[in-house]
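This report concerns only the one structure given below.
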Amino acid sequence: MKIKFAPLSVPLQRRLQMASVLQWVFSFLCLAQCCTAVFIALFFTRFWLVSALYAAWWFLDREKPSKGGRRIHSIRNSVVWRYMRDYFPITLVKTAELDPRQNYLMGFHPHGVLAAGAFLNFCTEASGISTLFPGITPHLMMLSLWFRIPFFRDYLMSGGLVSSDKESASYVLRKPEGGNMLVIIVGGAQEALDARPGSYTLLLKNRKGFVRLAIEHGTPLVPIFSFGENDLFEQVRNPKGSWLRCLQHRLQQIMGISLPLFHARGIFQYSFGLVPHRRPICTVVGKPIPVQRKHRPSNEEVDQVHQKYLKELSKLFEEHKAKYNVPEDRHLEFI
């Protein structure tokens, strides 16, 4: 006999959606600092052994973020992510089949402020990635800095995140059995400084390392554009050349992460706060671009594939922009 539960009321669903988004924002803004503080504080309590044992485990496990990570399916399948999906909402769209016998290198655009679409689509099962691409295991790259934080590193790896270095990328792409997708947010932290509603500027013109990596492994390139990614937050005006932009660039050079000054709505009001706007995100996965394998490609060969990638990304954007309320006269700009 099956027990049927009554559906949740709309107000309760909205509260749960808000709570899920708040924990996600908190995890990126505060959780890393909290984990570090707890790790240090425990050494000065009777629970010091917890931190001591973790420190030993951390040392033994230090290479794991560069060796494919350690995903935990129960966390990836948590109901929390489904509530977060429904808050915006977020959807994942497939335009072509992917062969599970191959590995793929995917370029995700744009970064946005907190990369909500990249995280939910590729680090959770909320949008049904395993159903859309059966036999394919996603790996999203993240700055190596975050994997140096105790406890937080394990939380990141549980979703399928791996460190953003060449060793980590090569480990995933050279797996002979195939069935792996390596997702790189190509614009990175610097692109986040230009993330604001209505912006279609991508930091991609001179970013060719991911293309060289694909050629070296003979891995097909797949462009991804996430419509609505830049619409979640407003950002303090920081035009190039301004004192704020110079300060942000300087801090990025020192710490490796950018610090966009963003705001959106609050929990109980819509005028100001750090809660993202409730605006739809649709992440469209393009068609694979075949790449000829070459151990040491020349600059000319890399440029040729890079230009093809830019063309396919622009084509993907133009074919789908009308569906997601992008004005006809708006086009991608590569800087």
Notebook entry, point to check: On the given criteria, is Phe119 touching a Lys or Arg at 6+ places or on another chain (Cβ under 6 Å), touching a residue at least 24 places away in the same chain (Cβ under 8 Å) and part of a helix (DSSP H, G or I)?
Noted result: no
Check: Of all residues in the stretch 63-110, which are under 16 Å from Tyr171 (Cβ atoms), open to solvent by 60 Å² or more (accessible area, probe 1.4 Å) and touching a Lys or Arg at 6+ places or on another chain (Cβ under 9 Å)?
Finding: Lys64, Arg70
Next item on the list: State whether the residues of the stretch 309-322 include one that is under 24 Å from Ser27 (Cα atoms) and either surrounded by fewer than 19 Cβ atoms within 10 Å (Cβ to Cβ) or within 23 Å of the chain's Cα centre (by Cα) (or both).
Entry: no
Check: Filter the stretch 156-183 for residues that are of a type in the set (A, V, I, L, M, F, W, C) and either out of contact with any Leu (no Cβ under 6 Å at 6 or more places or on another chain) or assigned to a helix (DSSP H, G or I) (or both); which is farthest from Ser27 (Cα to Cα)?
Finding: Leu173
Notebook entry, point to check: Quick one: which of Arg153, Arg148 is at pLDDT below 95 and more than 18 Å from Gly187 (Cβ to Cβ)?
Noted result: Arg148
Check: Which of the helices (runs of 4 or more DSSP H) contained wholly in the stretch 184-271 include at least 2 residues that are open to solvent by less than 50 Å² (accessible area, probe 1.4 Å) and under 30 Å from Glu319 (Cβ atoms)?
Finding: 188-191, 209-217
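I need the full set of residues from the stretch 10-30 which are in contact (Cβ under 8 Å) with a residue 12 or more places away in the chain, in contact with a Phe, Trp or Tyr (Cβ under 9 Å, 6 or more places away or on another chain) and open to solvent by 40 Å² or more (accessible area, probe 1.4 Å), in order please. Show your work before the answer.
Just the residues of the stretch 10-30 that are in contact (Cβ under 8 Å) with a residue 12 or more places away in the chain, to begin with: 13, 16-25, 27-29.
From the residues that got through so far, the ones that are in contact with a Phe, Trp or Tyr (Cβ under 9 Å, 6 or more places away or on another chain) too are 13, 16-21, 24, 27-28.
Gln13, Leu16, Ala19, Phe28, listed by residue number.
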Next item on the list: Looking only at the stretch 272-291, count how many residues are open to solvent by 100 Å² or more (accessible area, probe 1.4 Å) and either at pLDDT 95 or above or touching a helix residue (DSSP H, G or I) at 6+ places or on another chain (Cβ under 7 Å) (or both).
Entry: 2
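The values are calculated or read from the model by the stated rules, or taken from the named source; none is laboratory data. Quick caveat, the model's predicted, so the values are computed rather than measured. Note: ideal-geometry Cβ built from the backbone for every residue, glycine included; neighbour counts use all protein chains shown. Note: accessible area is taken over every heavy atom of the protein model, side chains too, but ligands, DNA and RNA are not part of it. Shrake-Rupley method; radii C 1.70, N 1.55, O 1.52, S 1.80 Å.
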